[in-house]
Amino acid sequence: MSIAHITLEEKLQQITVKLIDETRALYEFLTVDDNSINPMQIYAKINGIKDSVENEKYLTGEYIIKVREGLDYVDLYIDILNNLEKIAQNIAAATYRLSVLLTRSSKIDNIMHGLIVVMCEKILASLTHLIESIKTLSSSAKKSIESARNILKLEEDVDDLYRNIELKLFEKPHDDLVYVMLMKDIADRLEDSEDLIRDSANSITYIAFSRT
């Protein structure tokens, strides 16, 4: 495997680690019961990680352009890179909407809260498999494919959670339409993030197939 491929895959791993940090920060925000926490401070931290991912995406894109003559499947790598950036933006956007809800003193339904927490857990698990899939791409294409396939089941789980959230939101009338809109958008962002992880796993699988 060429140095260009190995270097690029290391850069993608580093970006994915940042996504795990970002998602874990959102997960802790949801699960730590501490009234002294300022929601907007948590958002600022997560938004900072998002900014870092966007910068890394730009630098990695620049690297791809420089070495593209020595790379196979350039378009697939670029797709993965774009997906990772969108995930970072989604997690930051979901955190902002959650922060707005909490600063409005909105009470998040316990069932809804639990579903969002489990979605975050599934996303963290998927990102962990994604890192493993990228990491083994140059050393063991078979292991890379196996890790990518693990994401498909998690994506189905997230789809089920998303549908449950929609049902809970709309099964009864709500006086607070802002609450409904923000909760729906949080769920949308998380569900879209899992779809983007799945799409990235599919791209990695196509690359891995060429190396088996």
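Readers should treat all values here as calculations from the given coordinates under stated rules, not as data from a laboratory. Because the structure is predicted, anything quoted here is derived from the model rather than measured. Quick reminder, even Gly has a Cβ in these numbers, built from the backbone with ideal geometry, and neighbours come from all protein chains shown.
Values for this structure:
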| quantity | calculated |
| --- | --- |
| Packing-based ranking, highest mean first, of 174-183, 66-75, 85-94 given that Cβ atoms within 10 Å are counted | 85-94, 174-183, 66-75 |
| Cα convex hull of region 3-209, projected area averaged across orientations, nm² | 11.2 |
| Residue-averaged 222 nm ellipticity for the chain, from DSSP H runs of 4+ at -39500 (n - 2.57), nearest 500 | -30000 deg cm²/dmol |
| Under 30 Å from residue 153, Cα to Cα: lysines that are on another chain or at least 8 residues apart | 11, 18, 50, 57, 86, 122, 135, 142, 143, 168, 184 |
| Phi-based couplings in Hz for region 190-202 (Karplus 6.51, -1.76, 1.60; Gly and Pro marked x) | 5, 5, 5, 4, 5, 4, 5, 5, 4, 4, 5, 4, 5 |
| Peptides ranked, highest mean first, by Cβ atoms within 10 Å: ranges 28-38, 112-122 | 112-122, 28-38 |
| Pairwise label distance in nanometres, residue 211 with residue 75, each label 7 Å out on the Cα-Cβ vector | 2.1 |
| Residues residue 110 and residue 159, FRET efficiency given R0 of 22 Å [Cβ-Cβ distance, rounded to 0.05] | 0.50 |
| Efficiency of FRET from Cβ geometry, residue 172 and residue 35, R₀ 30 Å, rounded to 0.05 | 0.60 |
| Extreme residue, positive dipole direction of the chain, given options 94, 15, 165 (C-beta unit charges) | 15 |
| In degrees, nearest ten, helix 74-103 long axis to first principal axis of the chain (Cα) | 20 |
| Surface/4 estimate of mean projected area, convex hull on alpha-carbon atoms of region 111-192, nm² | 5.3 |
| Simple spin-label estimate for residue 140 and residue 117 in nanometres, 7 Å along Cα-Cβ | 3.5 |
| Cα-centred dipole magnitude for the chain, charges only on beta-carbon of K, R (+1) and D, E (-1), debye, nearest 20 | 320 |
